[in-house]
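Down below is the structure, laid out as structure tokens.
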């Protein structure tokens with residue numbers, strides 16, 4: 001035999017070399033964290049040119065650390081929205097606690113996979129422990145189980161796959177799924193991926209608080225059964241993206257029981273408000289669902305890249321997901337523990353729970369709860385101040401719905417304008433609010449009306465940011 | 001209005017506080033990296049007790065850094081397989097270059113989402129750039145596009161969803177998908193999730209080199225058409241998990257063209273061998289596929305948590321995946337750039353490409369290529385040495401297939417034993433090989449025969465590890 005080639009450049013780092021790389025990165029990260037409040041909420045200057053400059057062929061040779069990090073922090077990261085910062089009040093922000101980034105550093109360094117319990121008994125149990133905490137927060141019994149996903153979309157998809165396998169025959173194409181017109185589009189997308197024709201997703205109208213109309217829901221189910229459809233799943237909204245609306249979860253549980261539907265709640269945004277007294281009141285009955293989607297990267301303030309699916313009966317996840325290959329013959333199982341590959345769509349994946357476990361170990365859950373309470377207060381404060389602005393501005397800022405969680409949706413109404421003109425006015429208003437880059441708000445459409453949203457959820461957002469936001473709204477209303 | 005509650009414990013870290021946390025973690029990580037070669041390949045001592053000790057209620061209050069990290073590195077991480085180390089020759093190992101962990105630290109700290117280009121134009125383009133590198137490696141034209149997933153399983157699922165939407169009517173339940181009996185089980189699992197009945201996945205027999213029999217494949221397609229099935233997709237194996245077998249990709253491309261099938265290649269393990277001359281010879285024709293799954297956490301040595309789907313025509317990904325919500329009204333699009341949410345199943349997710357981009361920027365691609373060449377050499381070296389052992393041991397170690405990539409599958413054959421007895425013998429042999437914990441090998445079944453696999457892929461695995469492995473095999477054969 002010839003002796004094997006030996007690479008003349010190792011890809012290894014010694015502990016000391018890695019420390020140097022981390023130190024160089026931490027200089028940049030430290031500056032980033034310490035200046036977050038002063039950074040612009042968004043920046044699109046030269047975004048196209050900056051992006052184009054990153055388009056380059058695969059390099060054969062390497063570069064040294066400093067210029068690479070400089071390019072990353074100066075050119076790559078300078079454009080876009082500042083989703084980590086306090087002034088990002090767009091979509092559904094969480095901020096991303098820095099401890100979680102350190103957890104990712106550890107998890108990726110030790111590089112264990114947790115799809116099979118015996119591969120990493122400690123880390124797999126650590127995931128199971130965090131899942132059990134979440135189940136306790138929701139109020140699920142000991143039979144519950146679940147798994148971590150990359151986010152809400154894939155959690156909802158696995159919920160629909162599970163519902164399909166538990167409730168429908170092999171030919172499931174007449175199966176219908178019910179949710180509200182206010183539901184996140186990932187539900188329709190997940191149903192498509194699971195094989196359902198688009199028309200099988202029934203979007204039921206909502207009441208004036210943007211909660212699903214249970215009377216119309218019952219009628220639609222009845223009509224569908226009459227027409228030979230097979231109603232199989234109901235997806236409740238525990239915090240819509242548009243307005244933070246929470247459906248009447250107890251009423252949905254009653255309907256699901258009566259109609260033998262799989263009940264899933266999309267609590268991506270709202271779920272962790274179960275940590276607060278007000279949240280538990282609004283979300284009452286959430287524990288009666290067959291499954292729940294949670295997004296720690298929203299209301300648990302984690303960085304992007306972690307969602308979760310919980311099922312009240314873990315065995316149902318297994319029925320939908322279990323399938324093994326022959327190369328897994330030696331993976332011993334232990335009925336006391338979960339092999340996540342048996343209850344979820346992934347096999348080899350990284351540990352996702354460490355980034356939740358580490359901050360909770362270091363802080364306990366108390367400050368998470370207090371942060372959520374603060375956000376509930378801030379949203380109510382913002383809604384009240386917006387109403388108070390009307391007298392001062394002699395204009396009509398309409399709060400479209402009182403915040404059930406932490407979204408305030410509002411619009412400017414001026415007499416004599418058509419709907420199109422009002423929409424344009426509010427689009428201009430939003431541009432004006434954002435123009436100073438002190439805050440970033442995103443819009444949505446409600447019954448065809450353009451409205452502007454303030455979503456208060458980032459753990460870094462406190463009273464001063466809301467006051468800045470109100471100040472920017474005041475200025476912008478005067479300008480349009 | 002009452003003034004909002006202010007949390008009495010912040011979840012924020014200043015740059016300095018984060019540096020302290022990182023320093024404490026890096027002490028442990030540095031030790032871990034510097035002792036990898038001496039650490040046991042696996043450890044299941046007290047695994048059950050260690051796991052149970054992590055089962056605890058949600059803590060209300062926090063703990064200080066040192067005991068938490070001590071518990072993590074001592075109790076959580078001490079059990080399981082050492083998938084980062086050179087001696088882990090099980091399944092399909094990559095190792096996980098440490099630079100990627102630093103990239104994860106950065107990505108999670110700055111917390112940008114890249115599902116919408118305008119949210120992070122630089123980072124989104126950085127993903128597009130890395131995807132273009134991968135497309136170039138495969139040989140895809142400029143029309144190609146793709147996205148990063150958490151791993152191979154979800155990449156294959158999206159490929160099947162795309163194939164379904166491009167090739168089948170809304171009622172797709174008669175659609176049949178073809179692959180070999182050696183295919184990874186994630187293909188059958190993905191087909192199930194996409195809504196196909198289990199029997200619609202046709203597992204075609206293989207030849208003596210474990211490559212799909214194209215004659216039998218053609219016959220099965222013909223028979224299925226006659227019986228009213230709708231053949232729609234063919235999944236080729238570009239490196240099976242069992243033996244590293246690579247189907248005749250050119251022949252599969254011919255069949256897919258003739259039969260109008262979507263051609264997907266599962267190149268999770270084998271794809272990046274396209275960086276080497278020998279790999280390009282074995283994988284010839286891979287660029288003729290409609291889509292390809294790559295797993296940078298395998299043959300590009302990245303930590304777990306990154307897979308990839310490439311499609312020759314990016315528009316087909318869009319047709320299958322595009323769907324938006326009203327709250328995305330303000331997300332401006334730019335036809336020059338990709339909004340990943342339009343071509344993939346996820347909306348909000350973390351940046352996955354930075355962990356590939358950073359090590360390639362720092363090293364160039366050259367050492368990756370040389371590492372792959374070395375692994376090809378090492379597998380051939382191991383196969384030759386195993387054969388040479390027979391004379392020395394006066395026993396019959398059978399190399400079940402010459403390595404096409406970097407898996408050596410072997411078994412011990414002794415005259416007069418039944419198949420069951422031989423399987424038991426080889427199971428005992430594997431236990432003996434692993435017993436000293438100097439290496440970890442996993443088994444598989446080939447045509448009902450228990451065989452032992454050596455998978456040489458971790459970037460940390462060099463000649464001395466293979467010699468240790470051969471030494472352990474020598475010892476174990478003598479013992480059984």
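Read-outs throughout are calculated quantities, based only on the coordinates presented, and are distinct from any laboratory measurement. These numbers come from a predicted model, not from an experiment. Methodologically, a virtual Cβ is constructed for each residue, glycine included, from the backbone with ideal geometry; neighbour enumeration extends over all protein chains shown.
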Requested in this report: Beyond 14 Å, what share of the Cα-Cα pairs of the stretch A:412-464 is found? Please give it as a whole percent.
Outcome: 58
Query raised in the report: Along the three principal axes, how long is the stretch B:387-441 when you take its alpha carbons, biggest first, rounded to the nearest angstrom?
Result: 32, 25, 23
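In whole percent, what relative contact order does chain A give with Cα contacts below 8 Å and a gap of six or more residues? The partial results should precede the final answer.
On the way: 844 pairs, mean separation 98.1, N = 480.
With pairs under 8 Å counted, the relative contact order is 20 percent.
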Query raised in the report: Hey, any idea what Rg/Rh is for the stretch B:313-426, computing Rh the Kirkwood way over Cα pairs?
Result: 1.28
**Report entry** Extent along principal axes [Cα atoms of the stretch B:273-343; Å; largest to smallest]
**Finding:** 50, 29, 20
Query - Hydrodynamic radius by Kirkwood, which averages 1/r over all alpha carbon pairs of the stretch B:125-259, in angstrom - result: 15.8
Report task. Can you tell me the equivalent ellipsoid semi-axes for chain A? Use √(5λ) from the Cα gyration tensor, largest first, whole Å. Result -> 37, 34, 20
Requested in this report: Rank by packing, highest mean first: peptides A:254-260, B:350-356, with packing defined as the count of other Cβ atoms within 10 Å averaged across residues.
Outcome: B:350-356, A:254-260
Requested in this report: Before anything else, pin down the relative contact order of the stretch B:312-356: Cα pairs under 8 Å, at least 6 apart, normalised by residue count, whole percent.
Outcome: 44
Query raised in the report: Over all residues in B:322-335, what is the mean tally of Cβ atoms on other chains that come within 10 Å of each residue's Cβ?
Result: 6
**Report entry** Cα gyration tensor, the stretch B:151-192 - rounded (a/c under 1.5), prolate or oblate
**Finding:** oblate
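Let me know the shape class of the stretch A:38-83, please: from the alpha-carbon gyration tensor, a ≥ b ≥ c as square roots of the eigenvalues, rounded when a/c is under 1.5, otherwise prolate if a/b is greater than b/c, or oblate. Each step should come with its number before you reach the end.
Numbers: a/c = 3.59, a/b = 1.72, b/c = 2.09.
Oblate.
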Report task. Return the distance in nm (one decimal) between the two label points of a simple spin-label model at residue A:74 and residue A:10, each offset 7 Å from Cα along Cα→Cβ. Result -> 3.2
Query raised in the report: Can you give me the relative contact order of the stretch A:63-148 as a percent, contacts being Cα pairs under 8 Å and 6 or more apart?
Result: 11
Report summary line: By Cβ neighbour count within 10 Å, fewest first, B:393, A:21, A:470, B:457 rank B:393, A:470, A:21, B:457
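How crowded by other chains is B:354-363, given as the mean number of beta carbons from other chains within 10 Å of each beta carbon?
On the way: counts 2, 2, 0, 4, 6, 3, 3, 10, 10, 8.
Mean shielding by partner chains, rounded to a whole number: 5.
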Query raised in the report: Where Rh denotes the Kirkwood radius from the mean inverse Cα pair distance, what is Rg over Rh for the stretch B:1-115?
Result: 1.05
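Could you work out the Kirkwood radius for the stretch A:48-143, taking every pair of different alpha carbons, averaging 1/r and inverting it, reported in Å?
17.9
Could you rank the peptides B:146-156, B:426-436, B:178-188 by their average count of other C-beta atoms within 10 Å per residue, with the highest value first?
Values: B:146-156: 28.6, B:426-436: 18.2, B:178-188: 23.6.
Ranked by mean Cβ neighbours within 10 Å, highest first: B:146-156, B:178-188, B:426-436.
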Query raised in the report: Can you pull the mean other chain C-beta count within 10 Å for peptide A:30-43?
Result: 3
Report task. May I ask which residue of chain A has the beta-carbon nearest to the axis carrying chain A onto chain B, and at what distance in whole Å? Result -> A:195, 1
Query - Gap separating the Cα centres of the stretch A:378-451 and the stretch A:296-371, nearest whole Å - result: 39
Report summary line: Kirkwood calc, the stretch B:207-279, C-alpha pairs only, radius in angstrom 13.1
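Take every Cα-Cα pair in the stretch B:352-480 and report what % of them are more than 27 Å apart. Display every interim value, and only then the final one.
Values: 2111 of 8256 pairs.
Above the 27 Å cut-off, the stretch B:352-480 has 26 percent of its Cα pairs.
Work out the P(r) tail for the stretch A:233-329: percent of alpha carbon pairs separated by more than 16 Å, whole number.
Numbers: 2746 of 4656 pairs.
Here the long-distance tail beyond 16 Å is 59 percent of all Cα pairs in the stretch A:233-329.
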Query raised in the report: Over the Cα atoms of the protein assembly as shown, Rg to Rh with Kirkwood Rh, two decimal places?
Result: 0.97
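Taking N as the number of residues in the stretch A:90-152, what value does Rg over Cα atoms divided by 2.2 N^0.38 Å take? Write out the running numbers ahead of the final one.
Values: Rg = 13.9 Å, N = 63, 2.2 N^0.38 = 10.6 Å.
That ratio works out to 1.31.
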Query raised in the report: In what sequence do A:387, A:202, B:460 fall when counting other Cβ within 10 Å, fewest first?
Result: A:387, A:202, B:460
Requested in this report: Any chance you could check the Cα centroid distance between the stretch A:47-75 and the stretch A:240-286 for me, in angstrom?
Outcome: 45
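Taking neighbour Cβ counts within 10 Å as the exposure measure, how do B:78, A:298, B:189 sort from fewest upward?
Details: B:78 17, A:298 30, B:189 23.
So the ranking, lowest neighbour count to highest, is B:78, B:189, A:298.
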Query - Inter-copy spacing of residue B:334 label points, which lie 7 Å from Cα along Cα→Cβ, given in nm from shortest upward - result: 5.2
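Classify the stretch A:18-59: rounded, prolate or oblate, from the alpha-carbon gyration tensor (a ≥ b ≥ c, eigenvalue square roots; a/c under 1.5 rounded; otherwise prolate if a/b is larger than b/c)?
Details: a/c = 5.72, a/b = 1.13, b/c = 5.08.
Since a/c reaches 1.5 but b/c is at least a/b, the shape of the stretch A:18-59 is classed as oblate.
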Report summary line: the stretch A:74-125: spread of alpha-carbon positions along the three principal axes, whole Å, largest first, is 43, 26, 17
